[in-house]
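Remarks on the structure that follows.
The values are calculated or read from the model by the stated rules, or taken from the named source; none is laboratory data. Only a predicted model underlies this, so the values are computations on that prediction, with no experimental measurement involved. All Cβ positions, even for glycine, are placed from backbone atoms using ideal geometry, and neighbour counts span all protein chains on display. All accessible areas refer to the heavy atoms of the entire protein, side chains included, with ligands and DNA or RNA removed. Shrake-Rupley method; radii C 1.70, N 1.55, O 1.52, S 1.80 Å.
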Amino acid sequence: MEINGLLKLTLLDFPGRTACTVFFGGCNLRCPFCHNASLVRGEGELIGEDEFFDFLTRRRGMLDGVAVTGGEPLLQSGLEDFLARIKEAGFEVKLDTNGTMPGKLRRILGAGLCDYVAMDIKSSPEGYSRAAGVFVDMDAIKESISLLMGGSVDYEFRTTAAKGYVLPEDFEGIGKLIAGAKRYFIQGFADSGDLVGEGASAYTPGEMKAFLKTVKKYVPAAELRGVD
């Protein structure tokens, strides 16, 4: 496996842990507001698997875990073996996913290969394909949601509130989709300069608070992230 990027230290990507973040290129979605267009296209520095594990060995005792993100990591054919190596080395694993591949997610969860999952909820069922930039099978999304909410692995759901693609009325549907979730964040949109598409902008803090109020009817634990 070739890694498309490595952040050697993060205090934010893996809640409650000191971690590094591994980036894998390629994604099956084309969210116009995605801030990692280069990764979606599979670009970026290439780091060999052995090189990464040499790095991880040197960080034993300094890092608690590894955050595995993308792109969409579940597209990687060798991901399960990769996660197993991380666990065998004594580190915890956080996995980011868009939830479109519940079968592979089920295997990873069942094998105990991750300790925390962050799943993107792109929009309401009605708005999902608009936000994702491609057609999305909602049955797959709902299956992934059920796997996390009914399982024993810690998790969070999150939505990037990108104006123009995620509409104010979508938050009612999002709340219903993940009703009773343990943890949900509405994230502010920021233009990284490396977006997949055009036309996205940020909502105001007041608008974000209104979205949160809507979602809290269904997900009392919902919070805002990246909003002043």
> Bin by bin, in steps of 10 Å, what percent of the Cα pairs in the range 21-72 do you find, going until the bin that has the longest distance?
Replying inline: 23, 44, 25, 8
> When only Cα pairs under 8 Å and 6 or more residues apart are kept, what is the percent relative contact order across the range 116-228?
Replying inline: 29
> Where the accessible area of the range 140-228 is counted over protein heavy atoms with a 1.4 Å probe, how much of it, in %, is carbon and sulfur?
Replying inline: 50
> What Kirkwood radius, in Å to one decimal, follows from the Cα pairs of the range 123-228?
Replying inline: 14.2
> Binning every alpha carbon pair distance of the range 1-126 at 10 Å from zero, what are the percents per bin?
Replying inline: 13, 47, 34, 6, 0
> From the phi of every residue in the range 16-33, what ³J(HN,Hα) in whole Hz does the Karplus formula 6.51 cos²θ - 1.76 cosθ + 1.60 yield, where θ is phi - 60° and glycine or proline is x?
Replying inline: x, 10, 8, 9, 10, 10, 9, 10, 10, x, x, 8, 8, 10, 9, 4, x, 8
>> Suppose R0 equals 35 Å. What FRET efficiency, 1/(1 + (r/R0)^6) with r the Cβ-Cβ distance, do Leu224 and Met149 give to the nearest 0.05?
In response: 0.95
> List the lysines whose alpha-carbon lies under 26 Å from that of Lys8, not counting same-chain residues fewer than 8 positions away?
Replying inline: Lys87, Lys94
>> Going by Cα centres, the range 10-25 and the range 171-228 are how many Å apart?
In response: 21
>> Ignoring everything except DSSP H segments at least 4 long, calculate the 222 nm mean residue ellipticity for the chain; use -39,500 (n - 2.57) per segment, divide by total residues, nearest 500.
In response: -8500 deg cm²/dmol
>> Full-extension gain between Ala111 and Ser201, please, as 0.36 nm times their residue separation minus the C-alpha to C-alpha distance.
In response: 28.4 nm
>> Bins of 5 Å, beginning at zero and ending with the bin holding the largest distance: percent of Cα pairs per bin for the chain, please.
In response: 1, 7, 15, 19, 20, 18, 12, 6, 3, 0
>> Between Leu7 and Glu172, how high is the FRET efficiency from 1/(1 + (r/R0)^6) when r is the Cβ-Cβ distance and R₀ = 35 Å? Nearest 0.05.
In response: 0.50
> Just the accessible area per residue of the range 25-140, please: how many Å² with a 1.4 Å probe?
Replying inline: 41
>> Per 0.36 nm of contour for each residue apart, how much would the distance between Asp139 and Glu126 grow if the chain were fully extended, relative to their Cα-Cα spacing?
In response: 3.4 nm
>> Could you tell me which residue out of Thr100, Ile121, Ile178 lies farthest along the dipole of the chain toward its positive end? Charges go on the beta carbon: Lys and Arg +1, Asp and Glu -1, centred on the Cα centre.
In response: Ile178
> Roughly speaking, to the nearest percent, how much of the range 19-65's 1.4 Å accessible area is carbon and sulfur?
Replying inline: 48
>> For a quick check of your reading of the filter: which chymotrypsin sites (Phe, Trp or Tyr not before Pro) in the range 142-205 sit in a DSSP loop and have no more than 14 other Cβ atoms within 10 Å?
In response: none
>> Loop only by DSSP, 15 or fewer other Cβ within 10 Å of the Cβ. Give me the GluC sites (Glu not before Pro) in the range 6-96 that pass, ordered by residue number.
In response: Glu43, Glu45
> How long is the gain from Met62 to Asp194 if the chain were fully straight, where each residue apart is worth 0.36 nm and the alpha carbon distance is subtracted?
Replying inline: 44.4 nm
